[in-house]
Amino acid sequence: MRQRLIVGNWKMNLLQAEALAFVDELESAGAVSGDGVEVVICPPYTALAALGGRGLRSITLGAQNCHARQKGAFTGEISAEMLTDAGCRYVILGHSERRRDQHETDVEIGNKANHALHSGLRPIICLGEQLEERQSGRTHEVINRQIDGIIGSAGAQVMSQAVVAYEPVWAIGTGLAATAEQAQEVHSSIREHLIKHGVSGTVPLLYGGSVTGGNAADLFACADIDGALVGGASLKAPEFAVIVQHARDVR
Ligand code: 13P
């Protein structure tokens, strides 16, 4: 049985007081872990520190990035050890916004994953193709190349303990989610490719990209979709609660 997760990526949103109020709202709306589903929230660092200090029990904390080294002269960076110290258990790595804006490569993402895991953080590794890559029939080639690069630096053992998120870039923040069929097709190919590398077949595979309360149930009904990485809808407590409930309803 594979683990199921619903992960909220808040990106660069919410001040500390807003984050604390938001988590209260999530808890009272029932958007919490249970029925085999773990609920993870990945706030910006400042809100993360505020939430970590509060000692949440029914929601797990994650970060949105970390550095590949433990400490040193890296102005503006944060280490996996610091995130663990602040109460984090997960870290999102290789989000397409960081690949685009910080030019992160698969090798760097693999190095970060390796370091994160050894510092007590479980990596949530993001993969995904651009619109033109999909339109030219290169989705599988692009995703497999990303997997090969990350495993090349992190190793299959690290990947076996990670979570993988398929986030087609064209679906992020556009309101144009992949259909359940499109997502399932890529997820099953990701699983097959991971297994070819000697990675465990039980790695949870999350779908991300315009997940809403309206499309979550169809996505979660797919054989190889073990949850979601949610952006915009994770900032709306009632809608996030609906997504969590759909995940908890899957048997
Ligand atoms: P949206 O859910 O806003 O499309 O964002 C997805 C995402 O980037 C999660 O990491």
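Local charge for ALA241 was computed over the other residues whose Cβ lies under 13 Å away, with Lys and Arg +1 and Asp and Glu -1, and equals -3. Here the calculated FRET efficiency for ALA223 and ARG69, from their Cβ-Cβ distance with R0 = 45 Å, stands at 0.70, rounded to the nearest 0.05. Based on DSSP H segments of at least four residues, each scored -39500 (n - 2.57), the chain has a per-residue ellipticity at 222 nm of -12500 deg cm²/dmol. With the full set of protein chains in place, find how many percent of the accessible area of the range 63-166 is carbon and sulfur; take the probe as 1.4 Å. C and S atoms contribute 46 percent here. Take ARG98: with every protein chain present and a 1.4 Å probe, its accessible area is about 60 Å².
Cα centroids of the range 22-39 and the range 84-110: 25 Å apart.
Let me make sure I get this right: for the range 180-251, a, b and c are the square roots of the gyration tensor eigenvalues over alpha carbons, sorted descending. Under 1.5 in a/c it's rounded, otherwise prolate if a/b > b/c, else oblate. Which is it? Prolate. The chymotrypsin sites (Phe, Trp or Tyr not before Pro) of the range 2-87 that DSSP puts in a loop, and whose beta carbon has at most 14 other beta carbons within 10 Å, are PHE74.
Hey, any idea what % of the range 186-251's accessible area is carbon plus sulfur with a 1.4 Å probe? C and S atoms contribute 55 percent here.
Our compactness index for the range 37-121, the C-alpha radius of gyration over the empirical 2.2 N^0.38 Å, is 1.06. Here the simple spin-label model places points 7 Å from the Cα toward Cβ, and for LEU20 and HIS140 these points are separated by 5.2 nm. Put simply, the amide H of THR60, placed in the peptide plane, has neighbours under 5 Å in VAL39, VAL40, ILE41, leaving out anything fewer than 5 places away on its chain. Note on GLU185 and GLN3: the extension gain reaches 63.5 nm, defined as 0.36 nm multiplied by sequence separation minus the Cα-Cα distance.
Each principal axis of the chain carries a Cα extent, and these read 46, 45, 33 Å when sorted largest first. Using DSSP, restrict attention to beta bridges with both residues in the chain and report what percent are antiparallel, rounded to the nearest 5. Taking every DSSP beta bridge with both residues in the chain, the antiparallel ones total about 5 percent. Applying 1/(1 + (r/R0)^6) with r as the Cβ-Cβ distance of ARG57 and GLU132 and R0 = 41 angstrom yields a FRET efficiency of 0.40.
The residues of the chain expose, per residue, 43 Å² of accessible area to a 1.4 Å probe. Stretching the chain fully between ASP249 and ARG100 yields a gain of 50.1 nm (0.36 nm per residue, less the alpha carbon separation).
The values are calculated or read from the model by the stated rules, or taken from the named source; none is laboratory data. On a predicted model such as this, the values are computed, not experimentally measured, just so you know. Note that we place each Cβ from the backbone using ideal geometry, even for glycine, and neighbour counts take in every protein chain shown. Heads up: the accessible areas ignore ligands, DNA and RNA and are worked out on the full protein's heavy atoms, side chains in. Shrake-Rupley method; radii C 1.70, N 1.55, O 1.52, S 1.80 Å.
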